[in-house]
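**Q** Dumping the structure here so I can ask a few things about it.
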Amino acid sequence: MGTKMAFRPRNADATRDSILQAARAEFAAAGLGGARVDDIAERSGSNKRMIYHYFGGKDDLFAEVIAAEYESIRTRETELNLEALPPMEAMKKLVEFTWNYYIENPEFITLVNSANLHKGRHLECKSGLREMQESYVALVSRILQRGIDSKIFRADIDPVQLCITLAAISYYYLTNQYTGTVLFGFKFTDEDALKTRLQFNIETIRRLITA
């Protein structure tokens with residue numbers, strides 16, 4: 001009598017994660033419009049049926065990928081322990097982190113660009129993202145208040161506008177690196193150019209917030 005093979009339940013979390021990672025790569029490379037579920041299935045070693053089972057469809061899968069991108073950067077920010085640092089040092093570290101995160105995760109920029117092409121509708125159904133963003137703004141607000149209390153920072157800085165600027169000064173430079181290289185006549189991503197830009201970003205924020 002033959003030996004029965006032991007039943008091995010499918011690892012649902014691992015399957016779901018492999019699909020998400022494959023989808024992230026595919027959406028970053030081709031955008032929502034150009035990405036194909038067949039290609040995501042091939043990248044993940046799964047099949048279309050599993051993708052539809054776990055995520056419902058390409059738009060739902062894109063929404064999951066975009067939500068995960070924002071969750072990742074917000075989570076990493078909480079690990080910086082900014083509240084233990086003097087306020088100016090905390091703000092400098094946040095500028096550096098944002099810059100380095102964008103450079104180390106270029107897919108983040110292309111995915112956010114793709115989400116904006118579709119007017120952000122894929123984020124509207126994702127619960128918890130606004131609360132996460134509000135927590136980030138609250139963190140920046142507390143750093144500002146500590147600086148105000150220490151008479152280091154100006155008292156009229158809007159924390160929401162500062163958060164937008166913190167993202168924008170790094171995001172714009174990197175998302176326009178190719179056109180910028182042509183128009184300004186130097187390669188935006190050369191090592192010296194990146195160092196110069198980071199220092200400019202730090203100084204820009206310092207001058208903006210200093211009393």
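No value in this document is a laboratory result; all are computed from the given coordinates. All values derive from a computational prediction rather than experimental measurement. Ideal geometry is used to build each Cβ from the backbone, glycine not excepted, and the neighbour counts take in all protein chains shown.
**Q** Full extension from residue 137 to residue 14: what is 0.36 nm times the residue separation minus their Cα-Cα distance, to one decimal in nm? List each step's numbers first, then the result.
**A** Details: separation 123, 0.36 × 123 = 44.28 nm, distance 3.29 nm.
The residue 137-residue 14 span can extend by a further 41.0 nm.
**Q** Work out, step by step, the length gained on full extension between residue 121 and residue 152: first 0.36 nm times the residue separation, then minus their alpha carbon distance; give nm to one decimal. Let's see the in-between values first.
**A** Details: separation 31, 0.36 × 31 = 11.16 nm, distance 3.99 nm.
That pair, residue 121 and residue 152, stretches by 7.2 nm at full extension.
**Q** Mind checking segment 77-141 for trypsin sites (Lys or Arg not before Pro) that DSSP puts in a loop (not H, G, I, E or B) and that have at most 10 other Cβ atoms within 10 Å?
**A** Details: sites: 92, 93, 119, 121, 126, 130; in loops: 119, 121, 126.
When the trypsin sites (Lys or Arg not before Pro) of segment 77-141 are filtered for loop state and at most 10 Cβ neighbours within 10 Å, 119, 121 remain.
**Q** Once you mark the GluC sites (Glu not before Pro) that are in a DSSP loop and have at most 12 other Cβ atoms within 10 Å, what is the longest gap between them in the chain?
**A** On the way: sites that count: 79, 124.
Answer - 125-211.
**Q** Return the long-range amide H neighbours of residue 153 (sequence gap of 5 or more, or a different chain), with a cut-off of under 5 Å between placed amide H atoms.
**A** 148, 211
**Q** From the residues 84, 118, 95, which one has its Cα farthest along the dipole of the chain in the positive direction, the dipole being from +1 and -1 charges on Cβ of Lys/Arg and Asp/Glu about the Cα centre?
**A** Result: 118.
**Q** Go ahead and collect, in residue order, the members of segment 119-156 whose backbone nitrogen is under 11 Å from a label point 7 Å along the Cα-Cβ direction of residue 211.
**A** Within reach of a label on residue 211, which here means backbone N under 11 Å from a point 7 Å along Cα→Cβ, segment 119-156 contributes 146-156.
**Q** Run the dipole for segment 58-209 about the Cα centre, Lys and Arg Cβ at +1, Asp and Glu Cβ at -1, nothing else charged, and hand back the magnitude in debye, nearest 20.
**A** Roughly 460 debye for segment 58-209.
**Q** Now, a different point. Report the Cα-based extents of segment 11-56 along its three principal axes, largest first, to the nearest Å.
**A** 28, 16, 15
**Q** Continuing with this model, one more query. Take the Cβ-Cβ distance between residue 168 and residue 84 as r, set R0 to 30 Å, and report the resulting FRET efficiency rounded to the nearest 0.05. Don't skip to the end; give the middle numbers.
**A** Numbers: r = 27 Å, r/R0 = 0.89.
The computed FRET efficiency comes out at 0.65.
**Q** A further question follows. Determine, for segment 87-211, the count of lysine pairs separated by eight or more sequence positions (or lying on different chains) whose alpha-carbon distance falls under 30 Å.
**A** Close lysine pairs under the 30 Å cut-off: 9.
**Q** Within segment 1-104, report the chymotrypsin sites (Phe, Trp or Tyr not before Pro) that DSSP leaves as loop and that have at most 15 other Cβ atoms within 10 Å. Present the calculation step by step, with values, prior to reporting the outcome.
**A** Details: sites: 7, 27, 52, 54, 55, 62, 70, 97, 99, 101, 102; in loops: 7.
The qualifying sites are 7.
**Q** Run the numbers for residue 186 and residue 53: contour at 0.36 nm per residue of separation, minus the present Cα-Cα distance, in nm.
**A** That pair, residue 186 and residue 53, stretches by 43.1 nm at full extension.
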